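Visitor: Provided herewith is a single structure, encoded as C-alpha cells, for subsequent inquiry.
We did not get these values from a lab; they are worked out from the coordinates using the rules stated. Note that the structure is a prediction, hence the values are computed from the model and not measured. Cβ atoms come from the backbone with ideal geometry, glycine included; neighbour counts cover every protein chain shown.
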Amino acid sequence: MARPRGIARWGAVVPLAILAAVCTGIALGARLPWFFAGAAASLLFALWWACLASNRCEVAGDEVRLSGPLWRRRIPLDAIRSIQVVADDGLNHGLLNWPVVSVPGGVRLNMGGRAAVRFLDRRGRRVEFVTADRAAAERLAAALGRDDAGAEPLGR
C-alpha cells in the first residue's frame, strides 16, 4: 500500500482547508447557506486525502489486485510477462497529478516514492506502481514473479 507523504499529503489539505474557510465566510456573511455544502465537501475531501487515500498492489492467490482512488484492476499472475524494478522521482509528469494516471501504453499508480515496479501483461499493457523505496519495490517484484508460469526473472 502506498499513501501520500510530506508535501504530497499535506500540500493538498491546506488549500482545501482555505477553500472551506472561504466558503464558510461567504455562507455566513452573504447568508448563502449552500456555501456550507462547499465547505463541508472541501473538508471531507481533505480528511479523506490525508487519512484514507492510497494506492494498493496486492498479490492474492493467482492474481494481482491493483487499486487507487476511483480505479481498480485485477490481473492474473500468469498474464504478467516482464517485471522490472527501476529508480523513480515520485512525480507524475503531465498536467494531471492524480494518484492513478494514464501513461503511454498503460497506467501509473503513484503516491510518491523513490522506486517503481514496472510490469507488462500479456496484451502488452504496462503497469507502473511507485513505492516508497527500492526495498519495497524489490519485495513487490518478488511477489509478482513468484509464479514462474509467465513471469520473467526480476530485471534491474
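Visitor: Given the rule -39500 (n - 2.57) for each run of at least 4 DSSP H residues, summed and divided by the residues of the chain, what is its mean residue ellipticity at 222 nm, to the nearest 500 deg cm²/dmol?
Guide: Per the formula, -11500 deg cm²/dmol.
Visitor: Note the angle between two axes, namely the Cα long axis of helix 134-144 and the longest principal axis of the Cα atoms of the chain, as a number of degrees from 0 to 90, rounded to the nearest 10.
Guide: For helix 134-144, the angle is close to 60 degrees.
Visitor: Which value in nm describes the separation of the simple spin-label points at residue 18 and residue 114, placed 7 Å from the Cα toward the beta carbon?
Guide: Once both label points are built, they end up 3.1 nm from each other.
Visitor: Evaluate E = 1/(1 + (r/R0)^6) for residue 71 and residue 32, where r is the Cβ-Cβ distance and R0 equals 30 Å; express this FRET efficiency to the nearest 0.05.
Guide: Step by step, r from the Cβ atoms, then E = 0.30.
Visitor: Please give the helix 6-29 orientation as an angle from the longest Cα principal axis of the chain, in degrees from 0 to 90, rounded to the nearest 10.
Guide: Helix 6-29 and the main axis of the chain meet at about 20 degrees.
Visitor: State the antiparallel share, in %, of DSSP beta bridges confined to region 56-144, rounding to the nearest 5.
Guide: 90 percent
Visitor: Further question on the same structure: Placing +1 on the Cβ of each Lys and Arg and -1 on the Cβ of each Asp and Glu in the chain, which of 80, 44, 33 has its Cα farthest towards the positive end of the resulting dipole?
Guide: Ranked along the dipole, the leading option is 33.
Visitor: Then there is this: Using only the alpha carbons of region 6-51, determine the length spanned along each of the three principal axes and report them from longest to shortest in whole angstroms.
Guide: Answer, in whole Å and largest first: 37, 14, 7 Å.
Visitor: Could you give the nm distance between label points at residue 126 and residue 143, where each point is 7 Å from its Cα heading toward the beta carbon?
Guide: For the pair residue 126/residue 143, the computed spacing is 2.3 nm.
Visitor: Residue by residue through region 118-125, which ³J(HN,Hα) values in whole Hz follow from phi under the Karplus form 6.51 cos²θ - 1.76 cosθ + 1.60 (θ = phi - 60°), with glycine and proline marked x?
Guide: 10, 8, 10, 8, 5, 8, x, 6
Visitor: If you don't mind, another one. Between residue 102 and residue 59, 0.36 nm times their residue separation minus their Cα-Cα distance comes to what?
Guide: 13.3 nm
Visitor: Ranking 108, 114, 122 by Cβ neighbours within 10 Å, fewest first, what do you get?
Guide: So the ranking, lowest neighbour count to highest, is 122, 114, 108.
Visitor: How long, wide and thick is region 56-144, going by the Cα atoms along their three principal axes, in whole angstroms, largest first?
Guide: Principal-axis extents of the Cα atoms in region 56-144, largest first: 34, 26, 21 Å.
Visitor: Okay, moving on. How far is helix 34-51 tilted off the main Cα axis of the chain, in degrees rounded to 10, range 0 to 90?
Guide: Result, in degrees: 30.
Visitor: For mean projected area of the Cα convex hull in nm², the choices are (i) 12.8; (ii) 10.1; (iii) 14.0; which was calculated from the structure?
Guide: Checked against the structure: label (ii).
Visitor: Hey, another quick one. Counting Lys and Arg as +1 and Asp and Glu as -1, each charge on the Cβ, what is the dipole of the chain about the Cα centre in debye, to the nearest 20?
Guide: That gives the chain a dipole magnitude of about 260 debye.
Visitor: Just to confirm a number: summing +1 for Lys and Arg and -1 for Asp and Glu over residues other than residue 104 whose beta-carbon lies under 13 angstrom from that of residue 104, what do you get?
Guide: Neighbourhood net charge equals +3.
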